[in-house]
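Derivation of every value follows stated rules applied to the coordinates shown; laboratory data play no part. This is a predicted model, so every value here is computed, not measured. Every residue, glycine among them, receives a Cβ derived from its backbone with ideal geometry; neighbour counts consider all protein chains shown.
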């Protein structure tokens, strides 16, 4: 599997507005932007941490996956996202190696990226995301 880099780390928070001062004022990380991902019932804030982004995830509905995560485990690291090319091929490759996917077909995530998650029961209890950002790849001469 061709993993280009760790693209971002997703961090589940109850409130982006309450969490942001720690990241922007204490850690001095620039806020890149915020958006709502209605399909996932989330608000997302992106922070620039140098060679990686942090993605704060705030649930906007009690039945969202992140709300359930916070209810069960509390706030904290939710997932690690790997930047990949040809995400559908990576999904097929991973499945042939016995890894269960949460998404067999990529869906559109934050920033318009194509995303798919591996099931944590297949990955040592860590939620990993595959993330293909076509716009970034095209802007960087074919590299993520």
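Kirkwood hydrodynamic radius (Cα pairs, Å) of segment 55-124?
With all distinct Cα pairs of segment 55-124 included, I get 13.5 Å.
Is the shape of segment 1-50 rounded, prolate or oblate, going by the alpha carbon gyration tensor and its root eigenvalues a ≥ b ≥ c, with a/c under 1.5 for rounded and a/b larger than b/c for prolate?
The shape class here is oblate.
Tell me the label-point distance for the pair residue 97, residue 49, using the 7 Å Cα-to-Cβ offset, in nm and rounded to one decimal.
If labels sit at residue 97 and residue 49, their model points lie 2.3 nm apart.
Angle between the Cα long axis of helix 87-96 and the longest principal axis of the chain, 0 to 90 degrees, nearest 10?
70 degrees
Out of the DSSP beta bridges found with both residues in the chain, what percent are antiparallel (nearest 5)?
Antiparallel: roughly 75 percent of the beta bridges in the chain.
Kirkwood Rh and Cα-based Rg: tell me the resulting Rg over Rh for the chain, rounded to two decimals.
Using only Cα positions, Rg/Rh for the chain is 0.96.
So what is the calculated 222 nm ellipticity per residue for the chain, using -39500 (n - 2.57) for each DSSP H run with n of 4 or more, over all residues, to the nearest 500 deg cm²/dmol?
Helix contribution divided over all residues of the chain: -5500 deg cm²/dmol.
Please state the relative contact order of the chain as a whole percent: Cα pairs under 8 Å, 6+ residues apart?
24 percent
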